[in-house]
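Please treat every number below as a calculation from the coordinates, not as lab data. Nothing here was measured: the structure is a model prediction, and the numbers come from that model. Cβ atoms come from the backbone with ideal geometry, glycine included; neighbour counts cover every protein chain shown.
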Amino acid sequence: MKITFPHLGDAYIAINLLCKEMDVACVIPPLNNMETLEKGSKYSPEEICLPFKLMVGNLMTAIDNGADTVVMVSSAGPCRLGEYGDLLKSILDKNGYYAHWILLDTVHDVGVRELLKRVGSIWGGEKRSRLKLLRAFKGVYKVIKSLESLETEIHRLSAYEVEKGKLKKILYKCKGDVYSSEGIQMAQKIIEKSQKQMTQVEIDKSKDPVKVVLTGEIFSLIEPFSNQYLEDKLMEMGVSFFRRITIGWWLDITLVQPLKRAKAMKKKNAFLNYCVGGYAKDTVEEVIQAKKDHCDGVIQLLPLGCMPEIVAKSIMPDMSEELDIKILTVVFDEMNGEAGYITRIEAFIDMLQRRKKYVLYGY
Amino acid sequence: MNLILLKLKEVFSIKVGIPGGLLYYRYETFINTFLEELEIESIFSTETNKEILDMGVSCCVNDACLPMKIFHGHAAALNEKCDYLLIPRIMKCENSESICPKFCGLPEMVMSGIKRKEGVITYPLYLNRNKEIKHYLRKIGKDLEIQENKIMAAYKKAVNNHKLQIQGIKDQGYRFTIFLGGHPYNLYDRFANMNLIHKLHSYGIGVITEERVSDNEKEAEIKPLMKKPYWLFYKNNYGAGKYLVKDQGIDGIIYISSFSCGIDSITIEMLKNDIGEFPFLILKIDEHSGEAGIDTRIEAFADMLERRKLH
């Protein structure tokens with residue numbers, strides 16, 4: 001039995017480590033590229049969101065490469081993600097890509113026992129100790145958390161570095177090394193080494209770059225291909241930016257600290273008080289937090305037709321006015337007009353720089 | 001004296017605005033009975049027309065779908081005329097099904113669209129629990145200063161009337177019968193769908209809608225899926241469509257869907273994959289209302305049904 005899964009940002013690094021730890025064979029589809037997108041768009045319904053199209057491409061390639069079981073996360077929120085499973089299966093079956101399907105719903109929807117049963121079925125009925133899984137999960141969780149803290153720090157610092165591009169190189173080398181590492185301990189060591197390297201990079205503290213918060217729909221944010229490698233571009237432009245939404249954050253809210261999440265969902269704010277599915281409420285809260293942190297601007301990313309984020313988008317003009325913060329909404333689809341995105345993001349950053357230099361001078 | 005009292009009542013009475021978009025068509029009887037029983041003065045925005053659509057398009061976020069834009073138009077038309085604007089925030093449907101996220105965030109979208117901050121009734125509405133519905137109505141009663149027992153009496157009557165009303169269409173005596181799928185606000189809004197049902201009738205095509213397929217039959221059709229669908233409109237249209245095809249009571253399916261509808265993007269594909277070779281026409285509607293295009297396609301579909309019957 002060989003499992004596979006659709007790509008979601010750096011999740012493949014974590015799942016690869018987890019599979020190595022648990023001795024499960026897994027086929028990782030090639031990182032998202034134009035071929036994936038073309039394959040996906042060809043077989044998916046026209047109006048579905050971009051993540052789905054990429055996932056179809058991923059899974060088709062993976063099944064071609066010998067995978068026979070698809071593991072897929074799912075939800076019962078009103079967002080489309082929860083209904084992906086059946087549609088993916090229906091499309092793949094129709095085109096002759098057969099596989100066994102395991103849907104991992106949240107504990108809240110199916111209960112702990114059912115979830116554990118489904119997780120257990122990944123090993124094909126073989127009884128393994130749950131303790132081992134728990135230990136492996138804990139280790140991988142730590143790895144992913146420290147990798148993300150490194151990433152966040154590099155996103156913040158890259159605007160200050162003297163010699164451009166050094167920090168970015170460290171980040172990508174670290175990710176590659178962790179992916180090909182033997183186990184959790186080795187991965188931890190690699191990250192520690194990279195952290196040390198990061199502190200040795202020369203930075204110029206007198207610089208005053210614009211600070212931007214990235215927020216929006218989770219897939220567009222953490223899957224670099226779907227946002228046209230926006231983060232790399234921001235690093236090149238010398239923007240100091242911050243993105244809270246990561247794989248680690250997602251693990252926190254769904255598995256590690258669901259109670260804390262439930263409490264946070266009840267928290268009220270002046271703009272959107274109810275969970276409308278997806279992470280629209282978090283997007284709104286991010287903007288409020290960005291204002292508190294004295295950021296210069298917010299960039300909201302969403303795939304075309306994303307239902308929850310449209311609600312957030314419709315509130316953005318109000319928020320921008322009341323909080324006096326600049327917000328750019330970028331909608332991504334499979335058309336891939338890269339130049340159009342770059343122009344808009346550059347113009348936004350230029351505007352923020354001018355505003356910082358002249359309009360807000362002395363504040 | 002009476003006249004003065006009447007005048008006074010007119011001045012002090014509170015007017016509640018009811019936008020006639022989205023699920024208004026489904027709960028029309030309930031809303032009207034409830035308001036009549038309580039003698040609340042209400043203003044209903046008219047049926048959808050060009051003016052309302054234009055207003056909606058100008059104040060709604062551009063990524064939203066046609067029904068959302070129409071609802072914004074209705075709300076904008078009422079904005080100046082009423083003291084309270086009722087914008088339901090439907091969180092769960094009758095059998096705990098979910099609904100499109102835009103329904104849950106509808107008040108925020110409309111309020112930011114029409115620039116109205118005060119006098120909007122936005123409480124969350126969970127239709128799956130009677131207790132929650134009563135709670136919702138009580139809160140409205142508090143806002144409008146109406147006694148609780150009056151509200152409960154009106155609620156009882158409204159629920160009874162709602163149950164008595166027969167929803168959906170099942171035509172008989174036409175040459176062909178088709179299943180007309182889609183969300184209620186696309187099916188019954190004659191402006192949005194360019195009077196589709198009337199047009200179909202003129203080609204001798206009768207219509208069945210999903211409301212006339214019982215819940216048990218729908219449930220049986222969605223059983224084979226890996227996961228129980230959580231959207232109301234997905235479950236209804238997919239279940240009903242599949243059942244009717246199997247039942248062989250219909251000659252074809254027409255699915256009317258608004259452009260960039262998230263739920264329909266899944267429903268249509270699932271239905272298409274599961275019914276095999278069967279006449280299936282998808283009509284997309286948006287704010288550009290290209291009526292000639294719709295006409296041509298319906299005519300072609302009618303011709304095709306005719307030929308299929310002959311051979």
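A compact table of results
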{"quantity": "Residues of region B:90-120 with amide N under 17 Å of the 7 Å Cα→Cβ point at B:Lys142", "calculated": "B:119-120"}
{"quantity": "Relative contact order (%) - criterion: Cα under 8 Å, at least six apart; region: chain A", "calculated": "17 percent"}
{"quantity": "Amide proton proximity set for B:Ile282, modelled H, under 5 Å, gap of 5+", "calculated": "B:Tyr255"}
{"quantity": "³J(HN,Hα), Karplus 6.51/-1.76/1.60, whole Hz, each residue of region B:119-126, x for Gly, Pro", "calculated": "x, 10, 8, 10, 4, x, 10, 9"}
{"quantity": "In order through region B:265-280: 3J(HN,Hα) via Karplus (6.51 cos²θ - 1.76 cosθ + 1.60), integer Hz, x for Gly, Pro", "calculated": "4, 8, 4, 4, 5, 5, 5, 4, 5, 9, 9, x, 7, 7, x, 9"}
{"quantity": "Under 5 Å, built H, 5+ apart or other chain: amide partners of B:Ser45", "calculated": "B:Ile18, B:Gly20"}
{"quantity": "Charge context of A:Leu54, other residues only, Cβ under 12 angstrom, K/R +1, D/E -1", "calculated": "-3"}
{"quantity": "Cα lying deepest toward the dipole's positive end in region A:209-363, options A:Trp250, A:Pro224, A:Tyr341, charges on Cβ", "calculated": "A:Trp250"}
{"quantity": "Under-5 Å amide H pairs with B:Ile178, H placed in peptide plane, nonlocal only", "calculated": "B:Gly206, B:Val207, B:Ile208, B:Asp251"}
{"quantity": "Across A:Lys207/A:Lys313; A:Lys268/A:Lys356; A:Lys164/A:Lys207, pairs whose alpha-carbon gap is larger than 21 Å", "calculated": "A:Lys207/A:Lys313; A:Lys268/A:Lys356"}
{"quantity": "Angle between chain B longest axis and helix B:66-78 axis [Cα atoms, degrees, rounded to 10]", "calculated": "20 degrees"}
{"quantity": "In region B:176-310, lysine pairs closer than 13 Å at Cα, eight or more apart or cross-chain", "calculated": "8"}
{"quantity": "For region B:11-164, alpha-carbon Rg and Dmax in angstrom", "calculated": "15.0, 43"}
{"quantity": "Part-to-part distance (alpha-carbon centres) for region B:136-164 and region A:83-148, which is given in Å", "calculated": "47 Å"}
{"quantity": "Principal axis dimensions, the protein assembly as shown - Cα atoms, whole angstrom, descending", "calculated": "87, 71, 49"}
{"quantity": "Nearest-ten-degree value, helix A:130-157 long axis tilted from longest Cα axis of chain A", "calculated": "20 degrees"}
{"quantity": "With Cα atoms, 0 to 90° folded angle of helix A:280-292 axis to chain A main axis", "calculated": "30 degrees"}
{"quantity": "Antiparallel %, DSSP beta bridges [both residues in chain A], to 5", "calculated": "5 percent"}
{"quantity": "Cβ-defined net charge surrounding A:Thr152, 10 Å radius [Lys, Arg +1; Asp, Glu -1]", "calculated": "0"}
{"quantity": "Exercise: per-residue mean of other protein chain Cβ atoms within 10 Å, A:75-88", "calculated": "5"}
{"quantity": "Chain B, helix-only ellipticity at 222 nm - DSSP H runs n ≥ 4, -39,500 (n - 2.57), divided by all residues, nearest 500", "calculated": "-16000 deg cm²/dmol"}
